[in-house]
Amino acid sequence: MRPQDRQATAELMAAGEEYLMLLGRLWRGDIQDVPEAKRERLIDALVEVANRLDEFR
């Protein structure tokens, strides 16, 4: 594995747990009490993932 791949994997794993929890709450419609900054980070992350997936089409 290339060093940059390891770095990206480590960053995803570190952020993954929080994002999965927030994504689950968003899915259930239970995100109203999540601070705006966290909601914005989740939305930004989802957009980034969608953009990267779109590159593989």
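Overview of values
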item: Residue list for the range 21-34, filter: part of a helix (DSSP H, G or I) and either in contact (Cβ under 8 Å) with a residue 12 or more places away in the chain or surrounded by 11 or more Cβ atoms within 10 Å (Cβ to Cβ) (or both); result: M21, L22, L23, G24, R25, L26
item: Flag if G16 is open to solvent by less than 70 Å² (accessible area, probe 1.4 Å) and either of a type in the set (V, I, T) or modelled with pLDDT under 85 (or both); result: yes
item: Any hit, the range 4-12, residues being modelled with pLDDT of 85 or more and surrounded by fewer than 10 Cβ atoms within 10 Å (Cβ to Cβ); result: yes
item: In the range 47-57, the residues that are in a helix (DSSP H, G or I), of a type outside the set (V, I, T) and open to solvent by 70 Å² or more (accessible area, probe 1.4 Å); result: E48, N51, R52, L53, D54
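The values are calculated or read from the model by the stated rules, or taken from the named source; none is laboratory data. This one's a predicted model, so the numbers in the text were calculated from it and none came from an experiment. A quick note on method: Cβ atoms are made from the backbone with ideal geometry, for glycine too, and the neighbour counts reach across all protein chains shown. Keep in mind that these areas ignore ligands, DNA and RNA; they rest on the heavy atoms of the full protein, side chains included. Shrake-Rupley method; radii C 1.70, N 1.55, O 1.52, S 1.80 Å.
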